[in-house]
1. Looking only at region 32-47, count every residue that is within 15 Å of residue 160 (Cβ to Cβ) and out of contact with any strand residue (DSSP E or B) (no Cβ under 6 Å at 6 or more places or on another chain) and tell me the total.
2. Can you go through 78, 34, 50 and tell me which one is modelled with pLDDT of 95 or more, closer than 25 Å to residue 125 by Cβ and in the same structural domain as residue 109 (by TED's automatic domain parsing)?
3. Working only within region 158-192, note down all residues that are hydrophobic (A, V, I, L, M, F, W, C), buried (at least 18 other Cβ atoms within 10 Å of the Cβ) and within 14 Å of residue 219 (Cβ to Cβ).
4. Which pairs turn up if I take residues in region 141-153 that are among the acidic types (Asp, Glu) and look for partners that are assigned to a loop (DSSP other than H, G, I, E, B) with beta carbon separation below 6 Å, at least 6 apart in sequence or on another chain?
5. Determine whether residue 135 is modelled with pLDDT under 90 and surrounded by fewer than 14 Cβ atoms within 10 Å (Cβ to Cβ).
6. Filter region 193-223 for residues that are within 14 Å of residue 165 (Cα to Cα) and of a type in the set (Gly, Ala, Ser) and give the result.
7. State which residue pairs qualify: first residue under 18 Å from residue 141 (Cβ atoms) and inside region 199-223, second residue small (Gly, Ala, Ser) in any location, beta carbons under 9 Å apart, and separation of 6 or more residues or different chains.
8. Testing residue 79 on (1) of a type in the set (S, T, N, Q); (2) out of contact with any strand residue (DSSP E or B) (no Cβ under 7 Å at 6 or more places or on another chain); (3) closer than 19 Å to residue 99 by Cα, one condition comes back false. Which one is that?
Amino acid sequence: MRILIVEDEHRIAQSIKKGLEQEHFAVDVAYDGLDGFDLATTEEYDLILLDLMLPGKDGLSICQELRQKSINTPILMLTAKGQIEDKVTGLNIGADDYLTKPFSFDELLARVRALCRRPKNSLSNVLTIDGLSLDATNYTTFRDGKEISLSGKEFALLEFFLRHPRQILRKERIIGHVWDYDSDILPNTVEVYIKNLRKKIDTPFPGKKPLLTTIRGFGYKLG
């Protein structure tokens, strides 16, 4: 899951980024409205955390223009303003939720998870397919009752597949959702992680049909 933070206060932005990365999200940060708008319109995100007061272009303008461009990525507005009229304005122009500073990271995380679930095929944090299950809240993975230990990036990769079951996912799309913009992605990075994931979810189950398959010339599919 890939998130964009548009926040001009570096300390706050970095604190949120660090916390979300510990929760296995890929996170990009923009420190002004112009850079944030550019990223939001050229990259694909699962959620945008958007501050209201920004240099260059304010959050309300960004939100309104994204919706005018039919970019429907969920938007969580972050602002120090708590007046009712500010909340109403933000929601009326297309924001999905509103969080007033200061806020706890736990509350932010709960809202992030809720918004990330909305457009997905599954409304649950427990994702399953063909005997494989992943709990996105407790970070556990099982196949046929046997627990599987995954690294943070392997977990994020598997979650992305599980949120798009039986769909062919191209390498570029996988990179765009599982790795952040500044990640140093080598040509075979995805192949390496796919291979490692297969070793954990398929190889230990020789009597079962492999779940993760390569569709030559197109991409990869789970299930």
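1. Total meeting the criteria: 1.
2. On inspection, the qualifying residue turns out to be 50.
3. 160, 161, 169, 174, 178, 190, listed by residue number.
4. Pairs found: 144/131.
5. Spelling it out, it is not the case that residue 135 is modelled with pLDDT under 90 and surrounded by fewer than 14 Cβ atoms within 10 Å (Cβ to Cβ).
6. Result: 219, 223.
7. 200/149; 205/131; 208/131; 211/131; 211/223; 212/223
8. (2)
The values are calculated or read from the model by the stated rules, or taken from the named source; none is laboratory data. Owing to the predicted nature of the structure, the values given are computational and were not obtained by experimental measurement. Every residue, glycine as well, gets a Cβ built from its backbone with ideal geometry; the counts of neighbours run over all protein chains shown.
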